[in-house]
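*Asks:* Sharing a structure, written as C-alpha cells. Questions coming.
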Amino acid sequence: MTNQDAEWPGAFDIGGMRIGEGHCFVIAEAGVNHNGDANMAARLIEAAAAAGADAVKFQTFKADQVVSATAPKASYQQATTAPGESQLEMVRALELNGTQFAELKTLCDRHGIVFLSTPFDHPSVELLHGLGMAAFKIPSGEITNPRLIRHIGGLGLPAILSTGMAYLEEVEAAVAVLAEARCPALTILHCVSNYPAAPEDTNLRAMDTLRETFAVPVGLSDHSAGIEIALGAVARGAAVIEKHFTLDKTLPGPDHKASLDPVELRAMVTGIRKIEAALGDGIKAPRPSENNTREVARRSLFLRAALRGGQKFASDDLVALRPGGGIPPNEIETVVGRRAARDLAAGTMLRGGDLV
C-alpha cells in the first residue's frame, strides 16, 4: 500500500519532536540490557539522556505470551547466554512489570527524554498505552503478526515499523494493516536482524526503496558494530536511527556484546548532529563564512601599465590578479574598448567607476 492509498503524513511529531523534517530522531535502544533489573534500567535512561539521544526504548512483554517452551535461541543468543537455558527461561529473566515501567516513564519525563517501549503482546500494548507513550514501535519479529499490528495501529498514535528479516511484500502487508486500523502516522525502519550485522549485509539503499514505495519518513534500526553505518544512514537521509546500547558490553545477556557503550552512544549522537548540520538546504551558493576567502582567493582585473584619462582599455593592458573585489576576469570583454574615467596608475585594481 502506498502513501497515496493511506494518506500518511510526510512529517509528524513524536513527543514534541518533528520526524521527517531535518532532525534525525535518535532512539537509544536499551531493550533488555537492564537484565531484568529496574535500577539498571534507570541507569540506562540516565546514560541515554546524557548522550543526547531523543528517546530511550525498552521491550515490554509477558514471556509466556511470546515464547513457547520449545522455542530455540537464535545463534547470537546461544553465544551470549547460558548454554543450558531455554529461550523462554532467558526471556522470563528479562521481564519488568507494569509498576517498574511506570517509574521508568516518570524518570524519562524528568530527564527530558522520550520514553518508548516495544510491546510483544496485547496486555503489554494496553499497559504502555495507559502510561501515555508517545508512539509505538513494532519490532521486526512481529511484522507478520497482523492482530498485534492492528491493535497498535488502532490506538491513534504514530507507529515506528522495523522491517528486519522481511520481504517488501511483507512490509506492504503490515503497512496495509496499519492503514486499515487508521494509524495516523508512520515511519519505517530498514533493519538487518543479525547481531552484529555485517556492513556488506546492511544494504542502506533499501531505505530508498522503502521511501519510494511508501512515501513516509524512513530510517535505520542498526545492528552493525560501531557507529559508521548509522552515520552513513543519516547522510543518506535517515529520519530515525535506532541503536542498541548498554552500560557495559561485558555484562551477561543476549544483546550487550552487540551494543554501544555510553561513550560510543554519545559519539554517535554527536556525529549525527554534525551530519545533519552538514546536509544543509541543497542550494548551491556561497556561505557567509566563505566571504573572506572568496575575496582573497578570487581575482580582479588590474592594469599592467598606467593609462591616461580617456584612453581605451586594450586586452594587453589587463592582467588578472588576486584579490577579488574589483571587476572579475570573466567580465574582461565588458572592459576592453571602453575608456578610462581618469588617469590610472599601473597596478590599479579596476572597479566600475574607473570606466566610462
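*Asks:* Taking 0.36 nm per intervening residue step and subtracting the Cα-Cα distance, what contour gain separates residue 322 from residue 82 on full extension?
*Replies:* That pair, residue 322 and residue 82, stretches by 79.3 nm at full extension.
*Asks:* Within 10 Å, count the other beta carbons around each residue, average over each peptide in 143-153, 326-336, 99-109, and list them highest first.
*Replies:* Per-residue Cβ counts within 10 Å, averaged per peptide and sorted highest first, yield 143-153, 99-109, 326-336.
*Asks:* If the viscosity is 1.567 mPa s and the temperature 4 °C, what translational diffusion coefficient in µm²/s does Stokes-Einstein give for the range 1-79 when Rh comes from Kirkwood over Cα pairs?
*Replies:* After rounding, the answer is 81 µm²/s.
*Asks:* Mean residue ellipticity at 222 nm from the helices of the chain, using -39,500 (n - 2.57) per DSSP H segment of n ≥ 4 over the full residue count, to the nearest 500 deg cm²/dmol?
*Replies:* -9500 deg cm²/dmol
*Asks:* Could you give the size of the charge dipole of the range 1-69 about its Cα centre, using +1 on the Cβ of each K and R and -1 on the Cβ of each D and E, expressed in debye and rounded to the nearest 20?
*Replies:* It comes to approximately 220 debye.
*Asks:* Oh, and also: Using alpha-carbon positions, what is the distance between the centroids of the range 22-55 and the range 295-322, in Å?
*Replies:* 64 Å
*Asks:* What do you get for the angle between helix 205-214 and the principal long axis of the chain? Use alpha-carbon atoms, 0 to 90 degrees, nearest ten.
*Replies:* Orientation of helix 205-214: about 80 degrees from the principal axis.
*Asks:* Could you work out how much longer the chain between residue 126 and residue 75 gets when fully extended? Use 0.36 nm per residue separation minus the Cα distance between them, nm to one decimal.
*Replies:* Between residue 126 and residue 75, full extension yields an extra 15.2 nm.
*Asks:* Have a look at the DSSP beta bridges in the chain and tell me what percent are antiparallel, nearest 5.
*Replies:* Expressed as a percentage, antiparallel bridges in the chain total about 25.
*Asks:* If the convex hull of the alpha-carbon atoms of the range 105-220 is projected onto planes in all directions, what is the mean projected area in square nanometres?
*Replies:* If I average the Cα hull's projected area over directions, I get 7.6 nm².
*Asks:* A further question follows. Taking 7 Å along the Cα-to-C-beta vector as the label spot, tell me the residue 168-residue 43 distance in nanometres, rounded to one decimal.
*Replies:* 4.6 nm
*Asks:* Okay, moving on. Once both labels are modelled 7 Å past Cα along the beta-carbon direction, what's the residue 64-residue 92 spacing in nm?
*Replies:* 0.9 nm
*Asks:* Follow-up. As a test of understanding, state the convex hull volume per residue of the chain from its alpha carbons, in Å³.
*Replies:* For the chain, the hull spanned by Cα atoms encloses 179 Å³ per residue.
*Asks:* Further question: Using only the alpha-carbon atoms, how far is helix 262-279 inclined from the longest principal axis of the chain? Give it as 0 to 90 degrees, nearest 10.
*Replies:* Around 40 degrees separate the two axes.
*Asks:* Also, I was wondering about something else. Per-residue counts of other Cβ atoms within 10 Å, averaged by peptide: what ranking do you get for 184-190, 161-167, 11-17, highest first?
*Replies:* Taking the mean over residues of other Cβ atoms within 10 Å, the ranking is 184-190, 161-167, 11-17.
*Asks:* Sticking with this structure for a sec: Provide the convex hull volume over Cα atoms per residue for the range 288-354, in Å³.
*Replies:* Roughly 75 Å³ of hull volume per residue.
*Asks:* A follow-up question, please. For the chain, what is the charge dipole size about the Cα centre, in debye to the nearest 20, if Lys and Arg each add +1 at the Cβ and Asp and Glu each add -1 at the Cβ?
*Replies:* Charge dipole of the chain: 1860 debye, to the nearest 20.
*Asks:* Helix 98-111 sits at what angle to the longest principal axis of the chain, using alpha carbons and giving 0 to 90 degrees rounded to 10?
*Replies:* Taking Cα atoms only, the helix is inclined about 20 degrees.
*Asks:* Another question, if that's okay. Based on the Cβ-Cβ distance of residue 103 and residue 296, what FRET efficiency does E = 1/(1 + (r/R0)^6) give at R0 = 45 Å, to the nearest 0.05?
*Replies:* 0.15
Coordinate-derived values only; no laboratory data. The structure displayed is predicted, hence computed values, not measured ones. Quick reminder, even Gly has a Cβ in these numbers, built from the backbone with ideal geometry, and neighbours come from all protein chains shown.
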